[in-house]
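Novice: Here it is: the structure, laid out below.
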Amino acid sequence: MEQLVIENFLSIKRATITLKKINIFIGPQAKGKSLISKLIHFCKEVPFGIFDAAAEEKSKRDFDKDLRIRFESIFPTYAWEKNAFYVRYTCDQYGVEISHEKINSKYKLSIKYTAHITKTLNAARKILQKFISDDAETRITSTRRASINREVREAISSTLNGGNPSLKIEQVIYIPAGRSFFANLQKSVFSFLSTSIPIDYFLKEFGAIYERTREKNFLSFIEQQRPKHALKLVSDLICGSYLSDKGQDWIMTEHGRINVSNSSSGQQEVLPMAMVLSTWPYAPSNIYRRSFVIEEPEAHLFPIAQGQVASLIASAYNAQNRQGTFTITTHSPYILTAINNLIQAGNVSEMPNANHTALHEVIPKNQMISFSDVSAYIVDRGTVKSIMDEELSLIQADAVDSVSQYFSEKFERLIELELEAANEAEE
């Protein structure tokens, strides 16, 4: 079981969160949804840094220092340096504990992990040193270097996962809000990321992934892997087809082509997300299992398009041989409703007498979601509460409908006032 426990960290007072293949966090702004998703990213990616540490011949102390630097890059110290907090992440392979405690009148940040991480780090360093020693008298070619790197990564995966070849190292791709930022950079993305200009940690990380996603070689390779239905969803979302030409991003429509920098705010926001979600989940890897954190997938989109984003995520979730997870933060009840529809389709498909032909006309098989693979929480006022309805095998309806109810109650009261005023006028 995968679990995240948070105590008194920034806006979250106390939370115990069970993580599954699809994790949804909904709630008002500035209440802790992104905080949770960033903690998930940080903890899941602790093993991902083992290869770099081994390649650079870093000690455990150096590895620990890098973890602290990365934590402080994601969560600036000024926000928590005067407060005690505790975070614990556990999964089947390892665990991570992050604490900030007062010791002799001073606070100390501590990031600890289970012995399995240390064992994997040591194993990776030994294997790499052996390769370097064996090749000491010969020049290491780029082909040989690639082979060594692959074998070291395979050894890391094997050690971390107890020799289970079906499990892989988790790579988490964070898709932040504000991704329309890259619509205006286009061919300048790489040079911008190479500068020393301060930039949000996750925007920079996503910029590097998006830059690779736009490369012609990658797009040509992935074209053979990605299913047509995923490409169709992207076309529906951006109202055209994507074209990269001489470092510029274009959307091709029946009326001609338009540069992404001149497109609508919805197209600018959805294109980078749609490109990543329609490619990387389908990119085969013997070493990595790719997980995704998606902030505000609904940004600048009409409700029907929000449903198409949910379908795109569900298609990636259903990709063949996938092991990764999807974490979604949202303000939108439409996202919850769309995912509920996909869960209900999964519920119906499991019934012995289900009419699968009729069912697939409503929801394609490649978009159905299993209720057992979903966790959903409402984040508000420092707490995190599950909104899963175990009896109906759905996300709770009152959580989905609460926003509509809020406006409906006001509207009904206004109608009452209108009738009262009309009655008084008649009298």
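Novice: Under the 0.36 nm per residue contour assumption, what length would be gained going from the current alpha-carbon distance of residue 348 and residue 405 to full extension?
Specialist: Computed gain between residue 348 and residue 405 is 17.7 nm.
Novice: Right, something else. Where does helix 228-238 land angle-wise versus the long Cα axis of the chain, in degrees 0 to 90, nearest 10?
Specialist: Long axis of 228-238 versus the principal axis of the chain: about 60 degrees.
Novice: OK, next. Straight distance only, please: which lysines reach the Cα of residue 130 with their own Cα at less than 17 Å, same-chain residues fewer than 8 apart left out?
Specialist: Correct list for residue 130: 58, 119.
Novice: So which aspartates and glutamates can residue 365 reach, going by Cα to Cα under 18 Å and dropping same-chain residues fewer than 8 places off?
Specialist: The reachable aspartates and glutamates, counting only those whose Cα sits under 18 Å from residue 365, are 350, 373.
Novice: What residues qualify as long-range amide H neighbours of residue 174, i.e. H under 5 Å apart, gap of 5 or more or another chain, H built at 1.01 Å from N?
Specialist: So residue 174 has HN proximity to 293.
Novice: Quick one: which residues, 5 or more positions from residue 114 or on another chain, have an amide H under 5 Å from its amide H? H modelled 1.01 Å from N in the peptide plane, none for Pro or chain starts.
Specialist: 95
Novice: Between helix 142-160 and the chain, what is the angle of the helix's C-alpha long axis to the longest principal axis, kept within 0 to 90° and rounded to the nearest 10?
Specialist: In the chain, helix 142-160 runs at an angle near 70 degrees to the longest axis.
Novice: For region 215-227, in order, what is each residue's ³J(HN,Hα) by Karplus, 6.51 cos²θ - 1.76 cosθ + 1.60 with θ = phi - 60°, in whole Hz (x at glycine and Pro)?
Specialist: Rounded to whole hertz, the list is 5, 4, 4, 5, 5, 5, 5, 6, 4, 7, 9, 7, x.
Novice: Now for a different question. Non-local amide H neighbours of residue 20 (under 5 Å, H modeled in plane, Pro and chain starts lacking H): which ones?
Specialist: Those lying under 5 Å, H to H, from residue 20 are 375.
Novice: If you compute semi-axes √(5λ) of the Cα gyration tensor in Å for the structure shown, which of (i) 39, 29, 23; (ii) 42, 26, 18; (iii) 54, 28, 18 do you land on?
Specialist: For semi-axes √(5λ) of the Cα gyration tensor in Å, the calculated option is (i).
Novice: Please build a GNM for the chain, connecting alpha carbons under 10 Å apart, and tell me which residue among 347, 321, 355 fluctuates the most.
Specialist: Maximum among the listed residues: 355.
Novice: Please find, in a Gaussian network model of the chain (springs between Cα atoms separated by less than 10 Å), the residue of 317, 113, 406 whose mean-square fluctuation is greatest.
Specialist: Most flexible of the set in this elastic network: 406.
Novice: Among rounded, prolate and oblate, which fits region 287-427 when a ≥ b ≥ c are the square roots of the eigenvalues of its C-alpha gyration tensor, a/c under 1.5 means rounded, and a/b larger than b/c means prolate?
Specialist: The shape class here is prolate.
Novice: Can you tell me the dipole magnitude for the chain around its Cα centre, using point charges on the Cβ only (Lys, Arg +1; Asp, Glu -1), in Debye to the nearest 20?
Specialist: 2600
Novice: Over the chain, with a Gaussian network built from C-alpha contacts below 10 Å, which listed residue (241, 408, 147) shows the highest mean-square fluctuation?
Specialist: Comparing 241, 408, 147 in the GNM, the peak value goes to 408.
Novice: Provide the per-residue ³J(HN,Hα) series for region 15-26, in order, calculated from phi with Karplus coefficients 6.51, -1.76, 1.60 and θ = phi - 60°, each as a whole number of Hz, with x at glycine and proline positions.
Specialist: 7, 10, 10, 8, 9, 10, 6, 10, 10, 10, 10, 10
Bear in mind that the values in this text are calculations on the coordinates, not laboratory data. Small disclaimer: the values here were computed from a predicted structure and weren't measured. Every residue, glycine among them, receives a Cβ derived from its backbone with ideal geometry; neighbour counts consider all protein chains shown.
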